């Protein structure tokens, strides 16, 4: 009895009921929208190519039974049913994964219109701001509550709530801080705060392009080095022009400030490195160890008692290590030189020190990365890494010092690390793409090339700039590509990380755009376009952050200095747009050691009286601007009026220029004897005596030894070298500020009272002693840590069999290869003689080269001028 009832019950459940039959007939008879019927067809098409074949068969049969597939229309407009196979044959362009492709493209398109809460994470099942059905109303922001913000304390939860779109204000942060006791930096200072950075001032201070900009260690001073052969010192807080460092006769290629904030070194295309004292602007050293242009300068952070080092690389294929004393600030004129010239034309392009200063990595045009070690008494080369196939023009050590990244023209970058007696590298290929990136036709014809590299503050991310105008963000441990940041329209040669905020990166390029990026999310926070009125846009060549991260400075192709930062711009409104000293481009006379004097006043440039402030055409600024010149702040109004005179130009025109200071007691001051007049007169007499004795031919060598080392020659007997006439901004033949080189009146010659006053002046303040001591202790500790790490890794043996590939380079094999290169045969050939000369250069001898000057290729300048090979 129970079995019969069970069978009957099962039969009754299997048979469709009357309501179900009516519903099915209603579905089959009602007209479906075209989109819905096409969706049914795409679902069946997707299932037919997957593992659920039985489900696909059942679905196709039901779609045909209920007539849910798209219908065919005849010429009279009548509808006709079609089977699934007929639809497949008539729509051959619809692939089985057609529905999947549609779903993959919907998310990125929607993200551009309505940004989600978590970018680059698309899901068909998302909710809230991650839903594909979200609208602008769904993303409406909610007022922040102190309790809600307090829940973010120390990253719990790690992300802000979905409906809390805008970041909290400073008041809300402080109120929440009272509830929790403290607040994490990312919440207290969100990335959106950098949108408040603005340009304080754009100042025209050079006549040519400015490729170098740097802050001092305190962040209170800005240095600019230009192609007009000048290095200028500016005030960060108000933009005042404080001093001009003269002496170079060619373009400035690189600058460096030492860690004690007492010296600045500038390298130039004239093959000379000049070092000045930052406190008094007096010349400290003129270093002449290269036979080619200077490509890079780096002060070593290593501290061995009072001994310090400065490294320089040149177009002559040499690396020089200059030793100097931190207390006396005296340089050794004979550097430790390494001549890296396996073939003619090889240039050393760039160099980077580790944090502790124990290692220096250099890149060159011969595709080789060379590593130098400072753990011994003198620097020594420990490895040559051959991981690249084209020139290595960018290299940078990490902030921790145990790794460095190299960028090459071959379209790759490598992250190097020393482990178990070998240098291992992680390869970063610039042609890599993200899954959601579209494939462009232009990428097939452009060979990728790395133009610049950078680390973030905590060394977790690596950023590379590519010649296709993209910025790529990589994981520094795994080498995975995380973000592609787009926005630039030309090549990028500036990547500057924030000094302490690991989220922020600054980029600039030839398109005149300056971007502030959030590299953790791959989005831009702030954009500025360097538009110059009447001249188009100016290519940005260099950018630097100040040490406190509150400001950054940029330089461009038109000679401008741009100062950006937070806060008010009123202090910068008190300065003119064009700031030159009337003595900037006066001719100089040089002695045998290339020290200089001003030709008109016969004085050292740093001992000359305070100059006048003029514009680019040489016209003096009003009296209120003359008080901005250091030394003229408290002068009387009569002393702020320059003396104008009419001078003739090369084409015969007569222009009115500043030639001196107009004072009432000028005649009285002109009669005061100058302390330098006697010195110059005495040196001239000694020089004349030496020439007379040389002509007579008696005791020539002895008299030459008695000649002072820094004796200045008579201007009529030497070739006066002046800065080249390049980069002018005026139309016609009148050169404006460059014509300030007529005879100077006696009022411009310093008196003894002036010399005593200038000895007490401070152009660049020093670091407070306790801060300097703490920083030195940190660098010494990092150096000892690097030394111990290198010694320990050298003792470890590799458990893997040696493999010959690009990813592992043995330092032992590299040193053997160096020894083999130094071995020379007994017979004499031209190549052997050149190799002997190179080896003698490493020992400190000065060679005589027939090539007067190698082609000018600088690390940043060669990129910025053409970007090509």
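The numbers here are math on the coordinates, done by the rules we state, and not lab data. Not measured: the values here are computed from a predicted model. A quick note on method: Cβ atoms are made from the backbone with ideal geometry, for glycine too, and the neighbour counts reach across all protein chains shown.
Ranked for footprinting exposure by Cβ neighbours inside 10 Å, fewest first, 135, 412 give 135, 412. With the biggest extent put first, the Cα atoms of region 296-342 measure 37, 19, 14 Å across the principal axes. The fewest-to-most ranking of 638, 584, 511 by surrounding Cβ atoms within 10 Å reads 638, 511, 584.
Normalised by residue number, the volume inside the convex hull of the Cα atoms of region 489-541 is 77 Å³ per residue. Residue exposure proxy: 405, 575, 453, ordered by other Cβ atoms within 10 angstrom of their Cβ from fewest to most, comes out as 575, 453, 405. Computed across region 547-635, the Kirkwood radius stands at 15.8 Å (inverse of mean 1/r, all Cα pairs).
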